[in-house]
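Undergrad: Quick one: the structure is below, questions incoming.
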């Protein structure tokens with residue numbers, strides 16, 4: 001039994017999925033707001049990485 005929250009995100013481009021992830025958060029959040037902040041941070045990090053890949057491909 002774990003008190004860790006589950007994070008999930010889907011990155012869409014042109015209506016198609018380019019990245020997705022579901023995972024238990026690495027820490028126990030003390031509030032719903034903190035849990036949402038952790039999940040949002042993970043999605044933003046992935047978005048920045050995808051943006052870099054697209055820039056490398058001159059897209």
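Undergrad: Note down the nm distance, to one decimal, between modelled labels 7 Å out along Cα→Cβ at residue 23 and at residue 44.
TA: According to this spin-label approximation, the distance is 1.7 nm.
Undergrad: Same structure again: Could you work out the helix-only [θ] at 222 nm for the chain, with each DSSP H run of four or more residues adding -39,500 (n - 2.57) and the total divided by the number of residues, to the nearest 500 deg cm²/dmol?
TA: Computed mean residue ellipticity for the chain: -15000 deg cm²/dmol.
Undergrad: Okay, moving on. Mind giving me the nanometre distance, one decimal, between the label points for residue 31 and residue 56, set 7 Å out from Cα along Cα→Cβ?
TA: 3.9
Undergrad: Right, next: Give me the angle, in degrees from 0 to 90, between the Cα long axis of helix 32-56 and the longest principal axis of the Cα atoms of the chain, rounded to the nearest 10.
TA: It works out to around 20 degrees.
We did not get these values from a lab; they are worked out from the coordinates using the rules stated. Just so it is clear, the model here is predicted, and its values are computed rather than measured. Every residue, glycine among them, receives a Cβ derived from its backbone with ideal geometry; neighbour counts consider all protein chains shown.
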